[in-house]
Amino acid sequence: MPEENLLKVSKIDVFYGGLQALWDISLNVKFGEIVAIIGANGAGKSTLLNVISGVIHPQVGSIEYDGKNITTLEPFQVVALGICQVPEAGRVFPNMTVLDNLIIGSYNRNARPQREENLQHVFRHFPILGERRNQLGKTLSGGERQMLAIGRGLMSNPKLMLFDEMSLGLSPIVINELYRVLREIRARGIAIILVEQNVRRSLKEADRAYILECGRVTLSGKTEDLGEEEKVRKAYFGVCK
Amino acid sequence: MGLDIFMNLSTPIAMGILLGGLYALIALGLSLVFGVMKLINIAHGDLVLLSSYLAFTMMTGLGIDPIISLVIGMPVLFVVGFAIQRYLLSRAFRISMEAPLIIAFGISIILQNLYQILWTPLSRGLTTSYALESISYGALRLPLVYLLDFIVAIVVMFILREFLRRTYLGKAINAASQDRGTAQLMGINTNRVYAFAFAIAMVFAAIAGVFLGLTFPFTPQSGVSFLIIAFGVVVLGGLGSIVGTFIGGLVMGLAQTLGGYFLGASAQMLVAYLIVLVALGVKPQGIFGR
């Protein structure tokens, strides 16, 4: 039977010094799926993304991606395998042009041969980036920066994209535009993990969701079943003790 | 040369500009390392001096012209720079920001003593057939090596700029200097990129060392004065900017020659560093600093 999971996180614990940030977390993402991770501030959502990206290594547990154990790989190795994170607030390189920001996205050797092709994809998703290709990153608006960050991620030839608070601080029009592109990305067969503060929106867009509370998964399942759960609301408004 | 200085101002101005090119060349590696790693490489002057001594040995021992000897000197310094970052500094960066500074200080002291042992405390120079030539233009009389220094500085700075703009590695160095964490998330092996940045800075140090040796005599302690000059240049120009480094070099060169013209040779570096002090007070991020 072929493996149906693209990503499989198994029972990981993460400590910062003496403090435990994640407890026994298991999570899986199937090919082409959108998975939402929902939780209050400090619940460990960004930590979890950084563990998958290889920025932080779990002390216990394993991460498997596309049949390979990637638990101890460094971020640049993880990117080369096709996992790309779009960090919170975009974090575009301020003193580089839009085009150079995108080219940096294709830095890993597996992505370089498809650079021109991917560039055309990005400009099709976000025509505004094509118009602004020679502007510096710092001159872009918040929404444009997020678009550039997504485009930069797409340049790395990903099979799995991790979005950290994509819609934070953006206007509803821009958010709709970003989600339209997200669906286009998924239609190209790229799986997505969505970390969002906007619970209703992420439940609407995702296939499945994990509710994170104080570093533990307290609930998970198909989004249509989760929609009405009282626990989802509590998780989001909950306070970590 | 001595009399001309008192006869008109065009000589000190021209000399100052040409000297400024050489100063910018010394500072380029320091500026690059700071721009990328936020490390003030205290050993920079001593590493520049390593190239001067290598060229000296190849010239006296094998009869190789110092400029030609860069064919060997540049790769040697590249490897030394790569190893220093990869095996010494990168570990120290994980501890704190001060640890690499102390390592650089240690490298500086080790090199100074090594030069004492290998080359004795005597003053050395890369004295070639063209080192004493000069070029006349009207009232101007300029040493040929000064002109050479300036041209080389311009060419080297242009190459660095194009390298940073056009190549994947150059863009990655640029990206890592702006936001290391995000650069990692974009698939850049920042440890490797840092090592390359340091190695490339050392290639520029190699070039600077040879042209310094052609221009001035040097002793095992000269690295300190090179460092101080380079430091003044980057303070004026703003650390991590190529154009700023060039302008900073010109200001330092001009301050020195004009200070010497008006106040005498003993006061020339005093004027240069007074300007650095004033610049720090008025615009601490440097003329072109971000």
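State which residue pairs qualify: first residue assigned to a strand (DSSP E or B) and inside the range A:147-170, second residue at pLDDT 95 or above and aromatic (F, W, Y) in any location, beta carbons under 9 Å apart, and separation of 6 or more residues or different chains.
A:L160/A:Y65
If only one of A:V79, A:V9, A:V29, A:V55 is in a strand (DSSP E or B) and either closer than 17 Å to A:S156 by Cα or without any contact (Cβ under 8 Å) to a residue 60 or more places away in the chain (or both), which one is it?
Within the list A:V79, A:V9, A:V29, A:V55, the selection yields A:V9.
If we keep just the residues of the range B:176-190 that are part of a helix (DSSP H, G or I) and without any contact (Cβ under 8 Å) to a residue 12 or more places away in the chain, which is surrounded by the fewest Cβ atoms within 10 Å (Cβ to Cβ)?
Only one residue fits best here, namely B:G181.
Among the candidates B:I151, B:I84, B:I173, B:I107, which residue alone is in a helix (DSSP H, G or I), of a type in the set (V, I, T) and within 14 Å of chain A (Cβ to nearest Cβ)? Give the derivation first.
Numbers: B:I151 fails: within 14 Å of chain A (Cβ to nearest Cβ); B:I84 fails: within 14 Å of chain A (Cβ to nearest Cβ); B:I107 fails: within 14 Å of chain A (Cβ to nearest Cβ).
Residue meeting the stated conditions: B:I173.
Could you please give the count of residues in the range B:265-284 that are assigned to a loop (DSSP other than H, G, I, E, B) and either at pLDDT 85 or above or exposed (fewer than 13 other Cβ atoms within 10 Å of the Cβ) (or both)?
The number of residues fulfilling the criteria is 1.
Take B:F262 and decide whether it is out of contact with any helix residue (DSSP H, G or I) (no Cβ under 6 Å at 6 or more places or on another chain), farther than 15 Å from B:L25 by Cβ and in a helix (DSSP H, G or I). Walk me through it before giving the result.
On the way: out of contact with any helix residue (DSSP H, G or I) (no Cβ under 6 Å at 6 or more places or on another chain): yes; farther than 15 Å from B:L25 by Cβ: yes; in a helix (DSSP H, G or I): yes.
The answer is yes for B:F262.
Kindly check whether there is at least one residue in the range A:196-217 that is among the aliphatic types (A, V, I, L, M), modelled with pLDDT of 95 or more and out of contact with any Ser or Thr (no Cβ under 8 Å at 6 or more places or on another chain).
No: the range A:196-217 contains no residue that is among the aliphatic types (A, V, I, L, M), modelled with pLDDT of 95 or more and out of contact with any Ser or Thr (no Cβ under 8 Å at 6 or more places or on another chain).
Which residues, taken from the range A:131-146, are in contact (Cβ under 8 Å) with a residue 40 or more places away in the chain and out of contact with any Leu (no Cβ under 9 Å at 6 or more places or on another chain)?
A:L136, A:K138, A:R145
Would it be correct to say that A:Q114 is within 14 Å of chain B (Cβ to nearest Cβ), in a helix (DSSP H, G or I) and not acidic (D, E)? Break it down into steps so the answer makes sense when it comes.
Details: within 14 Å of chain B (Cβ to nearest Cβ): yes; in a helix (DSSP H, G or I): yes; not acidic (D, E): yes.
So A:Q114 passes the test.
Quick one: would you say A:L102 is modelled with pLDDT of 95 or more, closer than 17 Å to B:A183 by Cβ and not β-branched (V, I, T)?
yes
Before we move on, is B:I17 within 24 Å of B:V235 (Cβ to Cβ), of a type in the set (V, I, T), in contact (Cβ under 8 Å) with a residue 40 or more places away in the chain and touching a helix residue (DSSP H, G or I) at 6+ places or on another chain (Cβ under 8 Å)?
Values: within 24 Å of B:V235 (Cβ to Cβ): yes; of a type in the set (V, I, T): yes; in contact (Cβ under 8 Å) with a residue 40 or more places away in the chain: yes; touching a helix residue (DSSP H, G or I) at 6+ places or on another chain (Cβ under 8 Å): yes.
So B:I17 passes the test.
Just need a number here: residues in the range A:171-190 that are in a loop (DSSP other than H, G, I, E, B) and on the phi < 0 side of the Ramachandran plot.
3
Scan (1) closer than 26 Å to A:R132 by Cα; (2) at pLDDT below 95; (3) among the small types (G, A, S) for the single condition A:G67 breaks and write down its number.
Looking at each condition in turn, A:G67 falls short on (1).
Return yes or no: is A:I103 in contact with a helix residue (DSSP H, G or I) (Cβ under 9 Å, 6 or more places away or on another chain), crowded, with 17+ Cβ neighbours inside 10 Å, under 23 Å from A:L219 (Cα atoms) and touching a residue at least 24 places away in the same chain (Cβ under 8 Å)? Don't jump to the end; show me each part of the working.
Values: in contact with a helix residue (DSSP H, G or I) (Cβ under 9 Å, 6 or more places away or on another chain): yes; crowded, with 17+ Cβ neighbours inside 10 Å: yes; under 23 Å from A:L219 (Cα atoms): no; touching a residue at least 24 places away in the same chain (Cβ under 8 Å): yes.
When the stated conditions are applied, A:I103 does not pass them.
Looking at (1) assigned to a loop (DSSP other than H, G, I, E, B); (2) over 22 Å from B:T215 (Cα atoms); (3) not hydroxyl-bearing (S, T, Y), can you tell me which one B:P121 breaks?
Only one criterion is unmet by B:P121, namely (2).
The values are calculated or read from the model by the stated rules, or taken from the named source; none is laboratory data. These numbers were taken from a predicted model, which means no experiment stands behind them. Positions of Cβ are generated from backbone atoms using ideal geometry, with glycine treated the same way; all protein chains shown enter the neighbour counts.
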